Amino acid sequence: MNNAKPTARLTTPTDLGANAQKDITGALNALLADTFALYLKTKNFHWHVSGPHFRDFHLLFDEQADQIFATTDVLAERVRKLGGTTLRSIGDIGRHQRLADNDAAYVDPQDMLAELREDNQRVITALRETHDLCDEHNDVATASFLETFIDDAERRVWFLYEAGRRGDPTGH
Ligand SMILES: [Fe+2]
C-alpha cells in the first residue's frame, strides 16, 4: 500500500525548486481562472450584444474569446510541467477567479466594451506580476509565453477602446 498522497504522483520533476513551483503554479492557476472567467464573459457579450453595431461587436467579441480560450491550455499545461496541479471544474474556476462575473439580464453595448477593457487591463496587470515572479525564479519559459499573452491582451484593449469611441475627435 502506497501511503504517499495521491497527488504525489502528479509531481512532475523540475529543477526550478519548491518555492518557484509553489509561487509560479499558484499565480498561473489564478491567471487561468481569470482567463476562463474573461472567456465566458466575452462569449456572454458575444451572445447578448444588441443594437446598431451588432455585427461589429458580435464578431469582435468572438475573435477575442477565441484568442482568450487558446491561452487556457498553455497556462494549465505549464502548471503541470512545473509539477503543480491545476483547475478541475467550473466550481474550481469560481473559487480562484478574481474578475467579477456579469449576470445582468441586459448590458448596454458601450458598457460591455468598457467592462471587457477593464477586465483585460486587470489581466495584463496580473500577467506582468506573474512575469516578475518568473524572473525572480529564472523561469524563462513561462516568462516567454506571458510576454506574448501581454501583447495579445494589449491588442484586445486597443480594439475595445477604439470600438467604443463615438466619433468625437476630442475623445468620447
Ligand atoms: Fe458565436
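A short reminder: the numbers here are calculations on the coordinates, not readings from a lab. The structure presented is a predicted model; accordingly, all values stated were derived computationally and were not measured. Cβ sites come from the backbone with ideal geometry, for glycine too, and all protein chains shown count toward neighbours.
Taking springs between alpha-carbon atoms closer than 10 angstrom, which of T71, T130, T14 fluctuates most in the Gaussian network model of the chain?
T14
When the dipole is taken about the Cα centre of the range 71-172, and only Lys, Arg (+1) and Asp, Glu (-1) are charged at their Cβ, what size is it in debye, to the nearest 20? Could you put the intermediate results ahead of the total?
Working: 13 positive and 21 negative charges, 46 e Å.
Rounded to the nearest 20 debye, it is 220 debye.
Find me the longest stretch of the chain that has none of the exposed trypsin sites (Lys or Arg not before Pro), where exposed means in a DSSP loop (not H, G, I, E or B) with at most 13 other Cβ atoms within 10 Å.
Working: sites that count: R88, R98, R165, R166.
Maximal segment without exposed cleavage sites: 1-87.
Karplus couplings for the range 145-151 from phi (6.51 cos²θ - 1.76 cosθ + 1.60, θ = phi - 60°), rounded to Hz, Gly and Pro as x?
For the range 145-151, the Karplus curve yields 6, 5, 4, 5, 5, 5, 4 Hz.
Using Cα springs under 10 Å in a Gaussian network model of the chain, which residue among D103, D119, D152 shows the largest mean-square fluctuation?
Fluctuation is largest for D103.
Classify the chain as rounded, prolate or oblate from the Cα gyration tensor: take a ≥ b ≥ c as the square roots of its eigenvalues, call it rounded if a/c is under 1.5, otherwise prolate when a/b beats b/c and oblate if not.
Prolate is the answer for the chain, as a/c is 1.5 or above and a/b outweighs b/c.
Once you have the Cα-Cα distance between H48 and E162, take 0.36 nm times their residue separation minus that, and quote the gain in nm to one decimal.
Net length gain for the segment: 39.0 nm.
Could you calculate the FRET efficiency of Q110 with E77 from 1/(1 + (r/R0)^6), where r is the beta carbon distance between them and R0 is 35 Å, rounded to 0.05?
0.40
Whole Å is fine, so just give me how far the alpha carbon centre of the range 45-83 lies from that of the range 96-136.
12
Beyond 17 Å, what share of the Cα-Cα pairs of the range 85-172 remains, rounded to the nearest whole percent?
For the range 85-172, the share of Cα pairs beyond 17 Å comes to 63 percent.
Which translational diffusion coefficient, to the nearest whole µm²/s, is obtained for the range 20-119 from the Stokes-Einstein equation, given a Kirkwood hydrodynamic radius over C-alpha pairs, 10 °C and 1.306 mPa s?
D, rounded to a whole number, is 111 µm²/s.
What is the fewest-to-most order of S50, S89 by other Cβ atoms lying within 10 Å of their Cβ?
Placing the least packed residue first, the sequence is S89, S50.
What FRET efficiency, computed as 1/(1 + (r/R0)^6) with R0 = 25 Å and r the Cβ-Cβ distance, is obtained for D92 and D56, rounded to the nearest 0.05?
0.15
Looking at Q67, G51, G164, which one has the Cα that reaches farthest to the positive end of the dipole of the chain (charges on Cβ: Lys, Arg +1; Asp, Glu -1)?
Q67
Determine the gain in length on full extension of the stretch T14-R122; use 0.36 nm per residue of separation and subtract their C-alpha separation, reporting nm with one decimal.
Numbers: separation 108, 0.36 × 108 = 38.88 nm, distance 2.96 nm.
Using 0.36 nm per residue and subtracting the Cα-Cα distance, I get 35.9 nm.
How large is the charge dipole for the chain, taken about the Cα centre, if only the Cβ atoms of Lys, Arg (+1) and Asp, Glu (-1) carry charge, to the nearest 20 debye?
Computed about the Cα centre, the dipole is about 620 debye.
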